Structure formats: structure tokens, C-alpha cells
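Step one of this worksheet: look at the structure below.
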Amino acid sequence: MKLKFSAIVTTASIILACAPAPASSIAAQRKPAPVQSYKVVATFPHDTSSFTQGLVFASDGQLYESTGLEGESTIRRVDPKTGRVLKSVPLPAADFGEGIARVPEGLVQLTWQSDIGYLWDPATLARKGALEYKGDGWGLCYDGTSLVMSDGSPTLLFRRRENFEVQRTVRVTLDDAPLKWVNELECVNGSIYGNVWRRDIIVRIDPATGIVREKIDASGLLTRSEAEGVDFLNGIAYDPADGLFYLTGKKWPKLFKVRFVPAGT
């Protein structure tokens, strides 16, 4: 089906709720989420002018990045090995770029509070269309069926790829408590990974129940001197070619290729 970004999502459509979790899932919530850590496999340069809001690998091995701040927001294609920006296109000055996802039709990019998003051609970064929605745009990923969106609340919205209408919602919980501020998202092998704004943690979310199944301690990636003057962790990209993750942050000097491992290993 051809992608049509024209429908405005109404408030009523956002009230859709997911089915209640089975009793076995509710019981599983009572166990604290196990803590994971990471092993750095490789380190690459990262453009320190990039206020990273979204990061995604495409099937062609290209790395795409969405950057934020009004008057500075872009969509860009980046060489992950050198940090060189291969192509960059600015957003309108009033827009604050947010999460991005790769769908068959192209790259979908959210904005924070403009109630608008964009569809881009990955090859040329030419704008192919626009979409409208109500509410904040934060993180975005594509699970092969739906676009999964965060908005700063504990709720994830599952939207139709064809028209961005809300199909269902799920409430994210960590150790039985609602988890707000899940930001940049990455859909990987039936799970949703998201970093938590202002915290050096990444959570692995069960998309059916919203339960956080693992909490990844991502602190210590930057040295104390590298962390001076930069902002928070906010970039997760998965490379299916080797099963590893790329992590960076807003105006960080480095991009890290990592493997998630049990804490203490």
C-alpha cells in the first residue's frame, strides 16, 4: 500500500488502549528488571554540532541521524566510521527535529511540538511528504508492521505506517511503576529499546505489555572531560549485520559500537 501522510490524528483515536495483560505477565512485573551493561567493541568520531534526537541504520548499511534545536534541526546521512556528514538537509527554522524510523517508503522524522513530521527519500534526502499529529513527538521506530512513537509520557503509541493513525497504545512500566521520558527508540527482534531522558540508562520494553524486561546501565561511555559541555545520551541504532548497537548523545564527540552484556561481566 502506498504511504499517505495526510490524515490528522484526532484526540479520540489516541484513547485506544491495548488489551489487558495476562495474569502471568502481571506476575512477571513484580520481579525487578534485571540490569545489563555493555562492552565497547569500537569507537568512532561524532559531529559535536549534532544535537542527536534520532539514529537509525537502514538495510543498505547507511546511518541516518535526526538532529534537534530550533533553527538547527536537520536530517542527515552519516559515515559511522569517520563521523563525516555525507548529506544534511535543514528542517524549517521553527521545527525541532526528533525521532526517525526507516520504513519501506523512506525515512519518517518527527518534530517535537510542531504537530508535523516528514517523509524523506533516503538516497537523496529529498522531502517526499508530510504527516500531521497532535502532541509531542519524541522517539520513533518501525517494528515491521507499525511505527512505534513515544511522546514523553509513559505511553507508547503504535501507529499505522500507511497514514499514521493510532492502532493501539501500551503503558510502559519499570518495576511496577509507570516510566516517563522514554525518548529515542529502536525496534529490534520483537523488543523496543529506548533511552530514558536525563538518565544514562536504556530499557528493553515488551511491546505487548509495556513491561521493561531489562535495564541497561549505559553510564561511563564518555570520560569526565569528554562529558563537559555535552547533553544527554540520546541515540540508539541497531546494525542487523553484526547484531551490535551504536550509541551516542546530543553533541557527543564519539559514537560507540557496543554489545549489551550481563552486569559485572
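Things to note:
- Options R224, R213; residue that is at pLDDT 95 or above, more than 14 Å from the chain's Cα centre (by Cα) and of a type in the set (K, R): R213
- All told, I75 falls short of being under 30 Å from P178 (Cβ atoms), part of a strand (DSSP E or B), open to solvent by less than 50 Å² (accessible area, probe 1.4 Å) and touching a Ser or Thr at 6+ places or on another chain (Cβ under 8 Å).
- Sole exception among (1) modelled with pLDDT of 90 or more; (2) surrounded by fewer than 17 Cβ atoms within 10 Å (Cβ to Cβ) for W252, by number: (2)
- Whenever a residue of the range 52-63 is closer than 20 Å to G194 by Cβ, its partners that are of a type in the set (S, T, N, Q) and assigned to a loop (DSSP other than H, G, I, E, B), lying with C-beta atoms within less than 9 angstrom and at least six residues away or across chains, give the pairs Q53/S73.
The values are calculated or read from the model by the stated rules, or taken from the named source; none is laboratory data. None of the values given here were measured: they were computed from a predicted structure. Cβ: placed from backbone, ideal geometry, glycine included. Neighbour counts: every protein chain shown. These area figures cover heavy atoms from the full protein model, side chains too; ligands, DNA and RNA do not enter into them. Shrake-Rupley method; radii C 1.70, N 1.55, O 1.52, S 1.80 Å.
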